[in-house]
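Peer 1: Sending over a structure as structure tokens; questions will come in a sec.
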Amino acid sequence: MYNLQWLKIELKIFSNRKIQILLRELDGDTYFRVWIQLLTIAMECNSNGKLVIDKNKPMTIENFSKIMGKSKKKLKKLFKNF
């Protein structure tokens, strides 16, 4: 596994039409932040992009809720829309 410490984001990310549309949606800022958090959590897990607590134990909504400071209900809605 790699020891990833940096997340490379396109300089013009906010000029991307998909990001512009996302940010104009209700809770668009939250969607964007959660997406970035998911990317960084995957990097921290360092498990080929899998979101896991332990080797083969996947993260749950409860785990994400605690990590991100969002309610389980809100995260379920966000994940459904992703």
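Peer 1: Going by what's in this entry, would Leu11 be described as within 22 Å of Ile67 (Cα to Cα) and among the aliphatic types (A, V, I, L, M)? Give the steps one after another, and end with the answer.
Peer 2: Numbers: within 22 Å of Ile67 (Cα to Cα): no; among the aliphatic types (A, V, I, L, M): yes.
Taking the combined requirement at face value, the residue does not satisfy it.
Peer 1: Pull up region 34-71, narrow it to residues that are without any contact (Cβ under 8 Å) to a residue 12 or more places away in the chain and among the charged types (D, E, K, R), then point me to the one that is surrounded by the fewest Cβ atoms within 10 Å (Cβ to Cβ).
Peer 2: Lys55
Peer 1: Say we look at region 33-82 and pick out the residues that are closer than 17 Å to Asn3 by Cα and assigned to a loop (DSSP other than H, G, I, E, B); which of these is farthest from the chain's Cα centre (by Cα)?
Peer 2: So the residue we want is Lys55.
Peer 1: Okay, moving on. Can you confirm whether Lys18 is in contact with a helix residue (DSSP H, G or I) (Cβ under 8 Å, 6 or more places away or on another chain) and among the basic types (Lys, Arg)?
Peer 2: Values: in contact with a helix residue (DSSP H, G or I) (Cβ under 8 Å, 6 or more places away or on another chain): no; among the basic types (Lys, Arg): yes.
No; evaluated as a whole, the condition is false for this residue.
We did not get these values from a lab; they are worked out from the coordinates using the rules stated. Since we're looking at a predicted model, the values are computed, not measured. Methodologically, a virtual Cβ is constructed for each residue, glycine included, from the backbone with ideal geometry; neighbour enumeration extends over all protein chains shown.
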